[in-house]
Amino acid sequence: MKFNELFGICGPSCTTCQAYIATRSGKEALIKVAEEWTKAMKRTFTADDIICDGCRVEGGRKSAYCAGCNILNCAKSKGHEMCAYCESAPCEKIVAPPAIEAIKEQKIALSKQL
């Protein structure tokens, strides 16, 4: 089974991600998300840091947060397109409840394909 490229490596749909939505909404939305992320993550983000086309989109731009993501790096190092293909997932690297649920659902879908 092949998942749509608008599902993040860690599982959730890009279409629900603040960065992806803001990228399509314009500069004001990018600035707002940058301010929210700066406050929430205690790290400075600019509007340009938020721009993201999806972490699995071929040639797409990745937000500054996702570009250095240890989950993305882990999946790539194991040769997996997404965490759902990894035997160990969801693992301790995955902490966001939506990601954990998405991976579980994707693993069920994959098991039905076998």
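Which value results when the Cα radius of gyration for the chain is divided by 2.2 N^0.38 Å? Walk me through the numbers on the way to the answer.
Details: Rg = 14.4 Å, N = 114, 2.2 N^0.38 = 13.3 Å.
Normalised Cα radius of gyration, the chain: 1.08.
By the scheme Lys and Arg +1, Asp and Glu -1, what is the net charge of all other residues having a beta-carbon under 14 Å from that of residue 27? If you can, show how the numbers build up before the last one.
Values: positive: 24, 32; negative: 28, 35, 48, 49.
Computed value for this residue: -2.
Simple spin-label model, 7 Å along Cα-to-Cβ: residue 112 to residue 70 in nm?
Using points 7 Å along Cα→Cβ, the separation is 3.4 nm.
Report the label-to-label distance for residue 101 and residue 81 in nanometres (one decimal), using points 7 Å from each Cα along the Cα→Cβ vector.
2.5 nm
Within region 40-62, list the residues whose amide N lies under 20 Å from a label point set 7 Å along Cα→Cβ of residue 28.
Residues passing the 20 Å test: 46-52.
Per residue of region 43-48, in order, report the coupling 6.51 cos²θ - 1.76 cosθ + 1.60 (Karplus, θ = phi - 60°) as ³J(HN,Hα) in whole Hz, putting x for Gly and Pro.
Calculated HN-Hα couplings, in order: 8, 7, 10, 9, 4, 5 Hz.
Neighbour counts of other C-beta atoms within 10 Å: give me 78, 27, 42, 62 arranged from fewest to most. Spell out each step's value before the answer.
Working: 78 13, 27 10, 42 7, 62 18.
The order, fewest Cβ neighbours first, is 42, 27, 78, 62.
Using 0.36 nm per residue, how much length does the chain from residue 2 to residue 48 gain when fully extended, once their Cα-Cα distance is taken away?
Values: separation 46, 0.36 × 46 = 16.56 nm, distance 3.06 nm.
Stretched out fully, the residue 2 to residue 48 stretch lengthens by 13.5 nm.
Starting from the Cα of residue 27, draw a straight line to each of the lysines and keep only those under 20 Å, dropping any in the same chain fewer than 8 residues away.
39, 62
Check which residues have an amide H placed less than 5 Å from residue 7's amide H, if you skip close sequence neighbours.
14
Using Cβ contacts closer than 10 Å as the measure, can you line up 82, 41 from fewest to most? Walk me through the numbers on the way to the answer.
On the way: 82 24, 41 10.
The fewest-first ordering by Cβ neighbours comes to 41, 82.
Specify the residue with the greatest mean-square fluctuation among 96, 19, 29, computed from a Gaussian network of the chain linking alpha-carbon atoms under 10 Å apart.
96
Laboratory data are not the source of any read-out in this text; all were calculated from the coordinates shown. All of these numbers come straight from a predicted model, not from anything done at the bench. All Cβ positions, glycine included, derive from the backbone under ideal geometry; neighbour counts span all protein chains shown.
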